[in-house]
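The values are calculated or read from the model by the stated rules, or taken from the named source; none is laboratory data. Model, not experiment: these values are computed from the prediction. Here the Cβ is made from the backbone with ideal geometry for all residues, glycine too, and neighbour counts use every protein chain on show.
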Amino acid sequence: MNSLAVVCGTGKVMVGERGAFAVAYFSDSDGWRFATGKVGENGIEANTWYEVIDGKFIKATCTP
């Protein structure tokens, strides 16, 4: 399934097959930034919750 998600502010994100997403996060050194991901790139998996920690996507330990 094609899917797209955008999270403004801190949060968690999950998309399906062929999905892509963008998550805003705050960096103490740079201010607001966006991290982007796409299923199949950099280890991102479909139907898996992710969150941004230190500018990188990690699998979320608890879902929303």
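A compact table of results
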item	result
Residue in the stretch 28-52 that is surrounded by the fewest Cβ atoms within 10 Å (Cβ to Cβ), counting only those that are part of a loop (DSSP other than H, G, I, E, B) and touching a Gly at 6+ places or on another chain (Cβ under 8 Å)	Asn47
Per-region count, the stretch 7-27, residues exposed (fewer than 13 other Cβ atoms within 10 Å of the Cβ), hydrophobic (A, V, I, L, M, F, W, C) and in contact with a Phe, Trp or Tyr (Cβ under 7 Å, 6 or more places away or on another chain)	1
Conditions (1) at pLDDT 90 or above; (2) farther than 17 Å from Ser3 by Cα: number failed by Ser27	(1)
Residue that is touching a Cys at 6+ places or on another chain (Cβ under 9 Å) and aliphatic (A, V, I, L, M), where the choices are Ala24, Ala20, Ala35	Ala24
Enumeration of residues in the stretch 1-17 that are in contact (Cβ under 8 Å) with a residue 24 or more places away in the chain and in a loop (DSSP other than H, G, I, E, B)	Thr10, Gly11, Met14, Val15, Gly16, Glu17
